1. Can you give the Rg to Rh ratio for region 121-171, taking only C-alpha atoms and Rh from Kirkwood?
2. Post the alpha-carbon centroid distance, region 160-223 to region 67-126, in whole angstrom.
3. Using just the helices of the chain, give the 222 nm mean residue ellipticity in deg cm²/dmol: DSSP H runs with n ≥ 4 each add -39,500 (n - 2.57), and the total is spread over all residues, rounded to 500.
4. Among DSSP beta bridges lying fully in region 124-354, give the percent that are antiparallel, nearest 5.
5. For the chain, modelled as a Gaussian network with Cα springs under 10 Å, which listed residue fluctuates most, 281, 156, 148?
6. Kindly give Rg over Rh for region 128-270, based on alpha-carbon atoms, with the Kirkwood expression for the hydrodynamic radius.
7. Starting from the Cα-Cα distance between residue 75 and residue 280, subtract it from 0.36 nm times their residue separation and give me the gain in nm to one decimal.
8. Just want the answer: with Cβ charges of +1 for Lys and Arg and -1 for Asp and Glu, which residue in 277, 319, 66 is farthest toward the dipole's positive end in the chain?
Amino acid sequence: MPTKTPSDNVQDYLIGPQAAIFDAIACINRSGLQIALVVDDAGRLMGTLTDGDIRRALLRNLPLTQPVVDVMTRHPRLAPAGSDDAKLFRMMQALQIRHLPLVDENGRVVGLRTLAGLLQTPRRPNRVVLMAGGLGVRLHPLTRTVPKPMLSVGGKPLLETILETFIDYGFWRFSISLNYLAETIVGHFGDGSRWGVEIEYLREPARMGTAGSLTLLGERPAEPFIVMNGDILTAVDFGQLLQFHLDNEAMATMALHEYSLQVPYGVVQVEDHRLVGITEKPIHHHFINAGIYVLDPQVLDRVPKETLFDMPDLFRQLILEGRTTVAFPIREYWLDIGQPQDLQKDEDEFPSVFA
């Protein structure tokens, strides 16, 4: 959540080269600055480690115990201590970077400037499309009279928490796709003025899938836009997700969540008739579709009208065309509300994640 105040304490974002990636994640989260500065024993800057660097390491399946020196960015841009903020701002804009370590004459870190810190929270032009038309069959009887995105967690509907999280990151233009029990959602959110945002509704005449309803948008977005299922609670930084998409010059970005599955038996390896190994209760790790996407407006040309068309169909088509599609691994809290036990789990964890 973006409510954390970034730290002014230099020690909060410094880390040694042999620290583990796991420690760097804790450092980044603790400082609220989305970067850790790797320094030697004398405090001299050796490299930087950003949230993006960590996500790329996760995609390479590197263990969280790997030393940060193996994944850090070496020879980062830096500035001398005492530099004028206006000059630093122009420098960051020119170099298209968001962090500038400040060092003394001996190369020791004495501070850090961030682009976000030199700007007010941006009011983003990017549209957010929330998919809220599902039937929620697996949550019957709870969803017989209430659409799944309107189920209460933490004293408010799931969809309201999702909306407010996006608002915290500067988003204000929303489209909500509706089908099942649509008026319940419209009656609660109205035109969005209660939250200081604009909301339009995409009314599906029939089930259109997680991508098909994009053809109902009132106007074609001019900027990359975010699409998210309305039954997910996550603490992901949506500003980082959008920036990741832009940095990678992607046509489509899919957020991923790591899912672990343990086989409850010893797994035996066999070659011909010979037993060559036994692995006791192995754990398999997979990346799954997290139901959150960033799309460039031109992808709308590939979505057929009046047809059931899901987001994986769209990504498969883009991949076949050779378009740039990228993966954004979510390391923050994420939960898909699919089963009654998921709803209870989210209710239990809500105060510590979203309070």
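1. Over the Cα atoms of region 121-171, Rg/Rh equals 1.09.
2. With region 160-223 and region 67-126 each reduced to a Cα centre, they are spaced 36 Å.
3. For the chain, the value works out to -7500 deg cm²/dmol.
4. Here the antiparallel bridges make up roughly 55 percent for region 124-354.
5. Result for the chain, Cα springs under 10 Å: 281 fluctuates most.
6. When Rh is taken as the Kirkwood radius, the ratio is 1.04.
7. The span from residue 75 to residue 280 would gain 69.4 nm if fully extended.
8. 319
Read-outs throughout are calculated quantities, based only on the coordinates presented, and are distinct from any laboratory measurement. Keep in mind it's a predicted model, so treat the numbers as computed, not measured. We place every Cβ from the backbone using ideal geometry, glycine too, and count neighbours over all the protein chains shown.
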